[in-house]
1. Return the Rg/Rh ratio of the stretch 97-191 with Cα-based radii and a Kirkwood Rh.
2. Name the residues whose placed amide hydrogens come within less than 5 Å of the amide hydrogen of Val187, ignoring near sequence neighbours (fewer than 5 apart) on the same chain.
3. On the protein heavy atoms, probe 1.4 angstrom, tell me the percent of accessible surface of the stretch 125-198 carried by carbon and sulfur.
4. Determine the per residue accessible area of the stretch 90-224 with all protein chains present and a 1.4 angstrom probe, expressed in square angstrom.
5. For the stretch 231-384, just say rounded, prolate or oblate: build the C-alpha gyration tensor, square-root its eigenvalues into a ≥ b ≥ c, call rounded for a/c under 1.5, and beyond that prolate if a/b exceeds b/c, oblate if not.
6. Obtain the nm distance between the two label points defined at Ala109 and Lys190 by a simple spin-label model: each point lies 7 Å from its Cα along the Cα-to-C-beta direction.
7. Find the accessible area per residue for the stretch 226-272; the probe is 1.4 Å, ligands and nucleic acids are left out, and the unit is Å².
8. Considering only protein heavy atoms, what per residue accessible area in square angstrom results for the stretch 274-384 with a 1.4 angstrom probe?
Amino acid sequence: MARFMAVTPSQQNNQLSFSPLASSLSDFSGTKLHYSHINFKRKQWQAKSASFYVSASSTKKILIMGGTRFIGVFLSRLLVKEGHQVTLFTRGKAPVTQQLPGESDSDYADFSSKILHLKGDRQDFEFVKSSLSAQGFDVVYDINGREAVEVEPILDALPNLEQFIYCSSAGVYLKSDLLPHAEVDAVDPKSRHKGKLETESLLQSRGVNWTSIRPVYIYGPLNYNPVEEWFFHRLKAGRPIPIPSSGLQITQLGHVKDLARAFVQVLGNDKASKEIFNISGDKYVTFDGLARACAKAGGFPEPELIHYNPKDYDFGKKKAFPFRDQHFFASTEKSKSVLGFENEFDLVGGLADSYNLDFGRGTYRKEADFSTDDIILGKTLVSV
């Protein structure tokens, strides 16, 4: 059974009270609910000043569902720096805080002394309702929610919630010949992200003040998905990089720190009320171009690219390439014109930030696995 855990070592009772987390330094090492989907009408977005920036005008009591890895790590730091009281709701299986590469001891100590922790399983709906209603929160950031049924208890527990900010995905869009995907485009109710669509519909039906962010591919330090890491492993090993089909498929990546900034920018922002925003990088890139950008960012020589036909191979359950083999990118014009949002990172600069603060220091999430590469290269060499 989930329990609320006081986060200082000396407190070992189950009372519903919060205390600042004392963390040591560490290395990085149900049934679904179905709601009718929202029909969005196309709007004309008026351009605003690029320097426009909005943050909440007062200190908020904020709950982050998740928050101990990747997006939440950077988001929680920004929110704490702005003076908000931030609580992470996690199962407690991972350290609640960790010092980031390049982060000073004093900055880390300041952050870890202010972050709060609520330990529990979000699938334990009764615990979620009782613990959240006992504490009360002004704003909820749901970073790891996948199904609408996981969100209902949060809304039930917090009837006076000021804002619910949701991390959705650009993967909800229906595959189309017309790109980039815009927020008003058709969505795919059968996509593997359909739970996120149902969550957006739930938020709309409940009448809460909500904002949904739809990233494309996310990259940056601590990325637990093998996006840039997949390329860095091969570049470091001096291996050719196998890329499906022509390599001219166009995709899009957004840096995690820019995404975190976008999440902060919609906080307390009337222009973000009941709106959806695509957030990703300003430029689109081909698969071949991404391989070259990773090489440039990590200071590697120009890579050898090997193109292959995926239909010629049976890789079993293994994934031979980290991206979907299609054009996949989204317009971020709405976030720019409505919110005035601007990315800080271009692609190569963002990849360099990721490499220098993570892979280049010898830290990564998954060990290199070149088994599918060897199948491709072996067949390619034989055919040649």
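1. Working: Rg = 18.1 Å, Rh = 16.6 Å.
Rg/Rh for the stretch 97-191 comes to 1.09.
2. Counting only residues 5 or more places away or on other chains, the set is Leu174.
3. Numbers: 1400 of 3010 Å².
On the stretch 125-198, the fraction of accessible area on carbon and sulfur atoms equals 47 percent.
4. Numbers: 5300 Å² over 135 residues.
Using a 1.4 Å probe on heavy atoms only, each residue of the stretch 90-224 averages 39 Å².
5. Numbers: a/c = 2.53, a/b = 1.87, b/c = 1.35.
Prolate, because a/c is 1.5 or more and a/b exceeds b/c.
6. Taking the two extended label points, one gets 5.8 nm.
7. Details: 1210 Å² over 47 residues.
Roughly 26 Å² per residue, with all protein chains present.
8. Working: 5700 Å² over 111 residues.
Averaged over the residues of the stretch 274-384, the accessible area is 51 Å².
The values are calculated or read from the model by the stated rules, or taken from the named source; none is laboratory data. Keep in mind that what you see is a predicted model, and the values were worked out from it rather than measured. Cβ: placed from backbone, ideal geometry, glycine included. Neighbour counts: every protein chain shown. These accessible areas exclude ligands, DNA and RNA; they are computed on the full protein's heavy atoms, side chains included. Shrake-Rupley method; radii C 1.70, N 1.55, O 1.52, S 1.80 Å.
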